[in-house]
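Below is one structure, written out as structure tokens, with a few remarks after it.
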Amino acid sequence: MSELFDLAERVALVTGGGRGIGRACSLALASRGAFVVVNYRSGADAAQETVAAIEAAGGRAEAVQFDVSDPDAAESAVKEIAKRHGRLDILVNNAGIAIDQLLLRVKPDDLDRTFSTNVGGAIFCTKAALRTMMRAKYGRVINLGSVVGEAGNPGQSIYSASKAAIMGVTKSLAREYASRGITVNCVAPGYISTDMTADLPEAATNAIIEQTPLARVGTPEEVAAAVLFLASTEAGYITGQTLRVNGGMYV
């Protein structure tokens, strides 16, 4: 009997794969045998540390720098990754930014930066990856959404909108490419302990925990487990779905 969620011989690209949820996803995919390409925009040290951790555990990985919000850079980098490894089976669109502001304080540049990274980045990388996946008649695309994309949150109107958009993109792409053996799904985390949430005041953290039925903060590894499942062969009959990893915060 083969090992569950076996990703041997698979090649995976994780955008923003050097930190937080992205790092956990990179480690999880590598632990099941995938060769993991850890993308980063500016955090070279973190990306190399993630690669080193994967290799120390017996896995295989490399770090590749490019800005997902730059369509030409994303196209070129993804094409080169597929050419170098002869395939690209799994794409995890994790890279994202959050510029939290009340709407009256939001600047046009805040909107542009958020959508170009969170939405444009996922679209550009997926578009480039689809060419290889279509030829192989196999692929797994997993987009990272957020609980606020469904539930909303004061001070996060722009971020919430970008994550809601990701869920819409997921559904449309799932319908477009199902006939080519490609599944497209979304994982929507709730409040997860990462660098992005570390600066929240203790009172704000406690308020979030009080709204969460499981009464605790989630871990990057719990999100990565959901990504690993959707990246597997076993999840082949699941597409167009959003898997919530939020402790019951939104149901």
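From GLU75, GLU80, GLU49, grab the single residue that is closer than 27 Å to SER160 by Cα, in a helix (DSSP H, G or I) and open to solvent by 20 Å² or more (accessible area, probe 1.4 Å). If you could, list the steps in order and put the result at the bottom.
Numbers: GLU80 fails: closer than 27 Å to SER160 by Cα; GLU49 fails: closer than 27 Å to SER160 by Cα.
Of GLU75, GLU80, GLU49, the one residue that is closer than 27 Å to SER160 by Cα, in a helix (DSSP H, G or I) and open to solvent by 20 Å² or more (accessible area, probe 1.4 Å) is GLU75.
Check the stretch 106-113 and report whether any residue there is crowded, with 18+ Cβ neighbours inside 10 Å, at pLDDT 95 or above and of a type outside the set (Asp, Glu).
Within the stretch 106-113, not a single residue is crowded, with 18+ Cβ neighbours inside 10 Å, at pLDDT 95 or above and of a type outside the set (Asp, Glu).
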Considering only the stretch 160-196, state which residues are in a helix (DSSP H, G or I), more than 15 Å from the chain's Cα centre (by Cα) and aliphatic (A, V, I, L, M).
-> ALA161, LEU173, ALA174, ALA178
Give me the pairs: first residue in the stretch 220-235 and farther than 10 Å from ARG140 by Cα and modelled with pLDDT under 95, second residue part of a helix (DSSP H, G or I) and not hydroxyl-bearing (Ser, Thr, Tyr), beta-carbon distance under 9 Å, and six or more apart or on different chains, which are they?
-> none
Going by the conditions given, is ARG216 at pLDDT 95 or above, closer than 30 Å to GLU3 by Cα and more than 20 Å from the chain's Cα centre (by Cα)?
-> no
Test ASN118 against the criterion of being in a strand (DSSP E or B), without any contact (Cβ under 8 Å) to a residue 60 or more places away in the chain and either on the phi > 0 side of the Ramachandran plot or not acidic (Asp, Glu) (or both), and give yes or no.
-> no
Looking at ALA165, is it in contact with a Leu (Cβ under 8 Å, 6 or more places away or on another chain) and either crowded, with 18+ Cβ neighbours inside 10 Å or more than 26 Å from ILE81 (Cα to Cα) (or both)?
-> no
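Checking the conditions here, which among LEU91, LEU4, LEU111 is in contact (Cβ under 8 Å) with a residue 40 or more places away in the chain and under 13 Å from the mean Cα position of the chain (by Cα)?
When all the criteria are applied, what remains is LEU91.
The values are calculated or read from the model by the stated rules, or taken from the named source; none is laboratory data. Computed from a prediction, not measured in an experiment: that's the story for all the values here. Using ideal geometry, Cβ is built from the backbone for each residue, glycine included, and neighbour counts are taken over all protein chains shown. These area figures cover heavy atoms from the full protein model, side chains too; ligands, DNA and RNA do not enter into them. Shrake-Rupley method; radii C 1.70, N 1.55, O 1.52, S 1.80 Å.
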